[in-house]
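The values are calculated or read from the model by the stated rules, or taken from the named source; none is laboratory data. Note that the structure is predicted; figures quoted are calculated from it, not measured. Here Cβ is always computed from backbone atoms with ideal geometry, including for glycine, and neighbour counts include all displayed protein chains. Side chains are part of the model used for accessible areas, which takes the heavy atoms of the whole protein and leaves out ligands, DNA and RNA. Shrake-Rupley method; radii C 1.70, N 1.55, O 1.52, S 1.80 Å.
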Amino acid sequence: MLLLSSDAVELLGLTNAVPSSLNELLPHFTPDSANLLHDAFVTCARTGAPIDVEARLASPSAKVRWIRLVGEPAPSQRNLVIEICGAIQDISAHRQVRDETLRLATRLTTTLASITEAFMTLDRNARVMYANDESQKLLVQPAGTLLGTPICGLLHGRNEGLLQNRIEQALSNNQQIGFEDFYPALDKWIEIRAHPYSEGLVLYLNDVSDRRQAQHLLMLLRTGIEHINDVVAIAQVGDTAGYDARITFVNEAFEHKTGFSRQEVIGQSPDILRHVTGTDIVRLLARGALRPNALTTLLRREVLLKRRDGSAYWMDLDVVPVRDDQGRLTHWMAVGRDVTERKLAEQKIHRLAFFDPLTGLPNRQWLVDRLEDALADCALTEQEGALIFIDLDNFNLLNNTMGHTQGDLLLQRVSERLTQCLRKTDLVARVGGDEFVVLLQNLGSEPSVVERKAQAVASKVLAELAKPFELSDYLHYSTTSIGIARFGTASGRVRELLMQAGLARYQAKEMDGDAIAFFDPATQSAVNATAALVADLRSAVLAEGQFSVEYQPQFDCERRMVAVEALLRWRHPQRGMVSPSEFIPIAEKTGLIVPLGLWVLEQACAQLAVWARKPQTAHLSIAVNVSVRQFRHPAFVDQVISIVSRYGAPPHLLQLELTESLLIDRLDTTISRMNSLKRLGVKFSLDDFGTGYSSLSYLKRLPLDQLKIDKSFVADVLVDPSDAAIARTVIELAHSLNMPALAEGVETEAQCKFLTDCGCDLLQGFLLAKPMPMEGLEEFLQASVQSPMSMSDLERL
């Protein structure tokens, strides 16, 4: 049963019927409050727990009413709750104040939470009263640690005492303050703004590390740009059309390179630099090229500039347009690097690559490039040209007698004259030691006209070079050989044209100097034939079976065979037998004579070793021809010693035939090598004596064992008194030097009788025996031993 006082009924607003039970009372409250009351009464009845509930009345009016109901069980003898006594209090006003305070707190919390900066409030003692989430994140501290802690205990800046001083300043002067400092513990730059209010300070903390780093980088960049060696200039575009630009920044390198100071150019138009550039680039930028769409990409040029003092320098210049977010041109920046040294080096390399350092004339490579262009022009214009090949005769004689300094001076004088006597459109180049080439173009379309004009130019050159040259303290006269080759639409490659002009030059040289010759195709054919022969000869040296050795016997006055001469023969698979007079000079010139000579020497030593084992041939010697080139080979002496030792040949039966050309120079070296081989036992014969450099003073110094009379003297010994006298003299000279004389080329009995009557010791020639392979020589020897035949019979064998 429920008993309510009159005050309680009035407070609850129960005007109609007073409820007599709890169940009748509960509907007068809102559902939530009714549940709370029900649960509180049940719990009190069961456990004796006191009741203290705030409940909202279900009033039909808009007015909200709250009551507080408190109660507790009445004492009983059996500890059973049989009665609950309580009281009711109207708390509507209190509840309204509390709800309003809660709404304000919620609104404040929402407002503070919406602040994206770190936000804190401090009391008058600078202790933290509130810290939002951002401040907790920034300081890496939870709210529990921050609240009540002095701000100076939380933040320790690089500038010690700065935070405390500024906080005290804000509190004491009631003024807003702001500053930035670096806090090492956080590794951050933090901006702090303090705003005073009645209870303390409101602090805003902002992480400005990125901005400070950007500022630091900008400072580094500005310092770097200010002091780098590259020139930097920045100009700001004034109006929207981009016509008006003003210089806003230049660095120290700009001042140094241009000669203008900052004060002179800052705020000025780039046009102020126009008179010192010498190029169009500044005019381009200053006179309107900076319109919105005019310069959209990097502009780069290498330009030749002038300083204020007039001195020139090369600069690699980059011009970069700078645009805003809307694409409007706002600035341009010019960055220039001094590349004068590189340009000078490039020019030097170019001159070294394409110009002769001695004369300053173009070299062969430059000539080849120009000649290729000239041939291409001929195809377009149908105009022919000519190459004039100029060679100074006997230039080496000047070098050898007067020295290379005089030779170089002559080449410089020649280049000066050639340049002066030719047209500016003509090209003159130095292509070799004393060789120059003149390129003439657009001489006409008729071959006769082209030849006439080329002949006129060549004659003019010949006349100029025939004049004496002043070389230091004397006058030098020189002759010149000039070869000319025409070229046109049907001409071949550049190399062929140069070769044709060179061949024409050789034709002119054969005319004994100061001559002009045009290229003759027949000469080309001869050269081609020689080149083919050289190629075949090289292949033959590498191949086997093409070369062989024939032996021509040598006889004493009694016509007894005492020796043979080893003669090299070449049988080409297609050419057949190639004459020694045709291939030996080529082998000499190409150096192939060295391996060929060693091969013949090996064949001879091998044969001497075979003969030494037979009594009937043990006395025979073999003569081997040795060329000058082979004899002067550094390893020649060692090679001969090695071959003789390897085959076991008797060295005293090996005779090396040398030519007189070996006596021209390096005689001491020649004698030394001969003596080295003489100590081994090898003998020497001087071949073709009287046809070359015959010096009696040198002859007596040579360790010779034999003199050979050349067949050119023997051929006319019966009809030419001079040849007869020479033959007698050589024989007598040989005898006076205690050595035998051998006559080669004996072909008639009359020649044989004349020579023997003159006392000639040894004879060789077709009259006595022809050259023959070893098989034939063996038969020849066998026949001469078995049957006392006449010499004519032996010859037929």
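Residue-normalised convex hull volume from the C-alpha trace of region 530-576: 95 Å³ per residue. Spin-label pair Ala214-Ser311: with each label point 7 Å from Cα along the Cα-Cβ axis, the two points sit 4.3 nm from one another.
Compactness of region 592-702 is given as radius of gyration and Dmax, 14.1, 42 Å, from Cα positions. The three principal axes of the C-alpha atoms in the chain carry coordinate ranges of 190, 79, 54 Å, sorted with the longest axis first.
Which lysines, on any chain, are close to Lys137 with Cα under 20 Å apart, when same-chain ones fewer than 8 places away are left out? Of all the lysines, those that pass the test against Lys137 - Cα under 20 Å, at least 8 places apart if same chain - are Lys188. Out of the DSSP beta bridges found with both residues in the chain, what percent are antiparallel (nearest 5)? Antiparallel: roughly 80 percent of the beta bridges in the chain. Per-residue packing, averaged as other Cβ atoms within 10 Å, sorts the ranges 215-221, 635-641 into the order 635-641, 215-221, beginning with the highest. Ignoring ligands, DNA and RNA, what percent of the accessible area of region 362-416 is carbon or sulfur (1.4 Å)? Ligands and nucleic acids excluded, carbon and sulfur reach 46 percent. Taking all protein chains into account, the per residue accessible area for region 7-108 stands at 69 Å² (1.4 Å probe).
Fraction of C-alpha pairs exceeding 15 angstrom in region 429-469: 54 percent, rounded to a whole number. For region 586-629, the per residue solvent-accessible surface stands at 40 Å², with DNA, RNA and ligands left out and a 1.4 Å probe.
Once both labels are positioned 7 Å from their Cα atoms along Cα-to-Cβ, the gap between Glu558 and Arg158 label points is 12.1 nm. Checking the cross-link pairs Lys683/Lys711; Lys306/Lys343; Lys453/Lys509; Lys460/Lys589 against a 24 Å limit on the alpha carbon distance flags Lys460/Lys589 as lying beyond it.
Averaging the sequence gap over all C-alpha pairs within less than 8 Å and six or more residues apart, then dividing by the number of residues, gives region 437-508 a relative contact order of 23 percent.
Given a Förster distance of 56 angstrom, what is the FRET efficiency for Ser661 paired with Lys348, based on the Cβ-Cβ distance and rounded to 0.05? Calculated value: 0.80. Put the Cα centre of region 153-194 next to the Cα centre of region 568-601 and the gap is 104 Å. Near Gly591: Cβ cut-off under 13 Å, other residues only, Lys/Arg at +1 and Asp/Glu at -1. The net charge is +3.
If R0 is taken as 25 Å, the Cβ-Cβ distance between Ser525 and Glu582 corresponds to a FRET efficiency of 0.95. Computed over the Cα atoms of region 1-160, the ratio of the radius of gyration to the Kirkwood radius (Rg/Rh) comes to 1.24.
Taking a ≥ b ≥ c as the square roots of the eigenvalues of the alpha carbon gyration tensor, region 737-777 is oblate, as a/c is not under 1.5 and a/b does not beat b/c.
Across region 338-424, Cα-Cα pairs farther apart than 21 Å form 52% of the total. Using only the C-alpha atoms, the convex hull of region 407-501 corresponds to 96 Å³ per residue.
For region 568-650, the equivalent ellipsoid built from the Cα gyration tensor has semi-axes of 26, 18, 9 Å, listed from largest to smallest.
Full extension of the chain between Glu24 and Tyr477 gives 147.9 nm of extra length, using 0.36 nm per residue less the Cα-Cα distance.
Relative protection proxy for 604-612, 371-379, from highest mean packing down: 604-612, 371-379 (other beta-carbon atoms within 10 angstrom). With axes computed from alpha carbons, what is the tilt in degrees of helix 774-786 against the longest principal axis of the chain, rounded to the nearest 10 within 0 to 90? The angle comes out near 30 degrees. Take every Cα pair under 8 Å whose residues are at least 6 apart in sequence, average their separation, divide by the length of region 524-574, and the relative contact order is 31 percent. Compared with the direct C-alpha span, the chain from Arg98 to Arg246 gains 46.5 nm at full extension, assuming 0.36 nm per residue.
Here the label points at Ile272 and Ser722, each 7 Å from Cα along the C-beta direction, are separated by 9.4 nm in the simple model. What region 123-270 shows is 55 Å² of accessible area per residue, with the surface traced by a 1.4 Å probe over protein heavy atoms.
Multiplying the residue separation of Ser5 and Asp757 by 0.36 nm and subtracting their alpha-carbon distance yields 251.7 nm.
From helices alone, the chain scores -13500 deg cm²/dmol at 222 nm; the rule is -39500 (n - 2.57) for each run of n ≥ 4 DSSP H residues, then divide by the residue total.
The smallest convex shape that holds all Cα atoms of region 484-639, its convex hull, gives 190 Å³ per residue.
Relative contact order of the chain, taken over Cα pairs closer than 8 Å and 6 or more residues apart, is 5 percent. For region 496-568, the equivalent ellipsoid derived from the Cα gyration tensor has semi-axes of 42, 21, 7 Å, listed largest first. Averaging the Cα positions of each part gives two centres, and for region 603-662 and region 732-774 these lie 22 Å apart.
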